[in-house]
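Just so it is clear, none of the values below were taken in a lab; they were calculated from the coordinates. Keep in mind it's a predicted model, so treat the numbers as computed, not measured. So basically every Cβ, Gly included, is an ideal-geometry build from the backbone, and we count neighbours across all protein chains shown.
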């Protein structure tokens, strides 16, 4: 399956390997959505808490307006699901087996009439490039 737009990721359970040109194209599309949103929530499915936290930090490093606190206190054993909320700055992590792997970004809006949109799964190193 060719990955040319964010919508192409919707049916995947695990993030695909992407070429540099695919990352560039998807990042442009994703950034337009992030800039349009009032805030985002981030879900990270990872094989361990360290990889999930690294992925979250890579997003904060790329976007100075997206910050999270208390990352050093996060811990969960085995495969994990991490959720971060840009609006509150809260981050939670829990052990969860049977998940895929990747980053899910949900663009949220203050107006109830505007539906949120989730994009991903993106590779754990997507924002590190």
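So for the range 54-129, what are the equivalent ellipsoid semi-axes in whole Å, largest first, each being the square root of 5 times an eigenvalue of the Cα gyration tensor? Kindly include the intermediate steps, with their values, before the conclusion.
Working: eigenvalues 84, 48, 40 Å².
That gives 21, 16, 14 Å for the three semi-axes.
When 125, 49, 112 are ordered from fewest to most other Cβ atoms inside 10 Å of their Cβ, what list results?
Values: 125 15, 49 21, 112 6.
Fewest to most other Cβ atoms nearby, the residues stand as 112, 125, 49.
At 7 Å along the Cα-to-beta-carbon direction for both residue 110 and residue 85, put a label point, then send me their distance in nm to one decimal.
Result for the modelled spin labels: 1.7 nm.
Given a cut-off of under 8 Å on Cα pairs at least six residues apart, what relative contact order in percent is computed for the chain?
The normalised contact order for the chain reaches 33 percent.
So what does the Cα-only Debye profile of the chain read at q = 0.16 Å⁻¹, as log10 I(q)/I(0), no solvent term?
Taking Cα atoms of the chain as identical point scatterers yields -0.77.
Which order do 7, 80 fall in if you start with the one that has the fewest other Cβ atoms within 10 Å? Don't jump to the answer; show the numbers that get you there.
Values: 7 11, 80 24.
The most exposed by this proxy come first: 7, 80.
What's the FRET efficiency of residue 57 with residue 94 using the Cβ-Cβ distance as r and R₀ = 22 Å, to the nearest 0.05?
Values: r = 19 Å, r/R0 = 0.85.
It comes out at approximately 0.75.
Starting from the Cα-Cα distance between residue 25 and residue 8, subtract it from 0.36 nm times their residue separation and give me the gain in nm to one decimal. Walk me through the numbers on the way to the answer.
Details: separation 17, 0.36 × 17 = 6.12 nm, distance 1.23 nm.
Additional length available on full extension: 4.9 nm.
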